[in-house]
Amino acid sequence: MFEDGSIINELFIERLNYLIYVVLLLIGLHAMIAKNNLIKKLIGMSIFQTAIILFYVSVGVKEGATIPIYLPEHDPHGSHASHSDGNETEQSNHGPVVLDAELVKGYSNPLPHVLMLTAIVVGVATLGLALALCLRIYQGYGTIEEDEILAKIEGQEMGTKPSVVVKSVDSSKPATSQSAKPASKPKGSSSPSPKRSKASPRTKAKATSPTTKAKTSGAKPVSPKRKAAASKSTTTGSKKSPAKPKTAASKSTTKAKPKPRAKPKAKPTARAKATSTAKKATASKPKPKTPKK
Amino acid sequence: MKKLSLIPVLLVGALLIYAAEDFPEWGSPSAPASASPLSSHFISNTGVDTEVPNMVTAVLADYRGFDTMFETVVVFIAGMAVLAILKNSSGPNSKKKIFHIETEPDIIVTNTVRLLIPVIQIFAFYVLAHGHVSPGGGFQGGVVMGASFIMIALSWDLDTALARFPVERCTVVAGLGIILYGGIGLLSMFLGGEFLDYAELANIFPVSREMARYHAMLGVEIGVGLTVTAIMFSLYANLSTEGRLKGGL
């Protein structure tokens, strides 16, 4: 299996350093592409960087060579050179000499080391900058999950025009918080724009309740508002698996909207109401459609 | 999405593995990185040109001095950008998470650190100043020095460290490092050479042209060390407190 010339031998013995660098690079690249969490993306970037550093250093290895620092016998100021009087500036007596080709083979190339030395320090500085940006994003949006941030940005852009609030519900598909927010807006007109719900678990808990509730209540046809239709359209548009509970949530909020007029105590936020109904619904009829973690 | 992203990743991986076929073998002396004329020039001539035994330092600060100067500028700009981004940035989500640490710093930790800090700082100076003849230099010494301040902040609290090295002073010191580096370059330019051509400094200092390069490299490394020290600590102070520079870890 490991005889000369076989591909296994080639890959795992002779060129193991390249294999390791490729694997590390791919781990970093995949993390940068696929992860939603910005911090995880940064970790991927650091792994990617490590792969490049490993590549440079492993290319710079030279068999039978030592580190690129002169040995004492070649040192311009070493014991060999300074036996005359120890005065460094005097070069008439000894002076450093140009190494001949045979001796050059004894030292590895300093250039890859220099490049990686600066790359590491600059990498630390840029990583710090990236972390600062992440902090700022977290302060602004309350999350560092990329899809949630995108949903919030979309919601903000649409939310600037009051006439299109309903549409913003449609367009912001992945986030339940988005659909819940505008729904609560018209009824709780006294409270200016309820805070964005921050944690996804909460929205998910909210999401479960309406599904069960809608089912238990005999799936009463929701008033043919644009919102309901819109929430349905989000099911098709949403890309992730928790899409179903989410759309149901938006549906329920629309449906529940007329009710709170009668019950003002349930007004404060849609969230509280939803959680309470969630408890009720789960108690009455536990469904397999539990929130995904 | 995750499945989809695997496609380009694996494609890149396949290409890289395919290309690895043409890469030089491990440790081969005939590899381009080892057999290039540039490499042999550095190895054979560094001693004559600069009298610096550590070729890495010579290449870093002299042959590639221009590159290193702007690497330092990149570090400086990154530090300034972090300051600018996090300054007055306490958003609605950050206000409720101000940590107030009431407990006294642990006596064992602080006394151990009290003993360690001088050693660390002297070692940082050694790494910086001895970078010509042993592994080391401005970047390494600066990082060790910055770590000593971070250690103060970790074992007491950030206010204690900031009392010794305020962030305003960090900015000044980091700028001084750049000015020192660029100043040495400009000085050699005014003396008739090119930018960062340290050999011209022999005109005003009583040393040979080679030793002028040797000593100018030390000055340049000190500049790098100042910048890196200040930026490392300023990065820590800003990131650990979200730019408030009080409380935090």
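Quick one: B:Asp67 ticks every box in (1) more than 9 Å from chain A (Cβ to nearest Cβ); (2) within 15 Å of the chain's Cα centre (by Cα); (3) surrounded by fewer than 23 Cβ atoms within 10 Å (Cβ to Cβ) bar one, so which box is it?
Result: B:Asp67 fails condition (1) only.
For the stretch B:218-247, give me each residue that is within 11 Å of chain A (Cβ to nearest Cβ), surrounded by fewer than 24 Cβ atoms within 10 Å (Cβ to Cβ) and under 16 Å from B:Leu176 (Cα atoms).
none
Of the conditions (1) without any contact (Cβ under 8 Å) to a residue 40 or more places away in the chain; (2) facing chain A (nearest Cβ under 9 Å); (3) of a type outside the set (Asp, Glu), B:Leu83 satisfies every one except a single condition; which number is it?
Single failed check for B:Leu83: (1).
Just one of B:Val74, B:Val52, B:Val59 is at pLDDT below 90 and either within 23 Å of B:Ile184 (Cα to Cα) or more than 8 Å from every other protein chain (Cβ to nearest Cβ) (or both); which is it?
Exactly one of B:Val74, B:Val52, B:Val59 is at pLDDT below 90 and either within 23 Å of B:Ile184 (Cα to Cα) or more than 8 Å from every other protein chain (Cβ to nearest Cβ) (or both), namely B:Val52.
Pick from B:Met211, B:Met217: which is of a type outside the set (Lys, Arg) and modelled with pLDDT of 90 or more?
After ruling out the rest, the residue left standing is B:Met217.
Considering only the stretch A:5-56, how many residues are among the basic types (Lys, Arg), within 11 Å of another protein chain (Cβ to nearest Cβ) and either part of a helix (DSSP H, G or I) or in contact with a Gly (Cβ under 8 Å, 6 or more places away or on another chain) (or both)?
Going through the stretch A:5-56 one residue at a time, the tally reaches 1.
With B:Ser5, B:Ser39, B:Ser30 as the choices, which residue is part of a loop (DSSP other than H, G, I, E, B) and of a type outside the set (Asp, Glu)?
Every option except B:Ser30 fails the conditions.
Being at pLDDT 90 or above, within 27 Å of A:Tyr138 (Cβ to Cβ) and surrounded by 21 or more Cβ atoms within 10 Å (Cβ to Cβ) is the requirement here; does B:Met145 meet it?
Answer is no for this residue.
The values are calculated or read from the model by the stated rules, or taken from the named source; none is laboratory data. Everything quoted here is computed from the prediction, not taken from an experiment. No Cβ is skipped: glycine too gets one built from the backbone with ideal geometry, and neighbour counts run over all protein chains shown.
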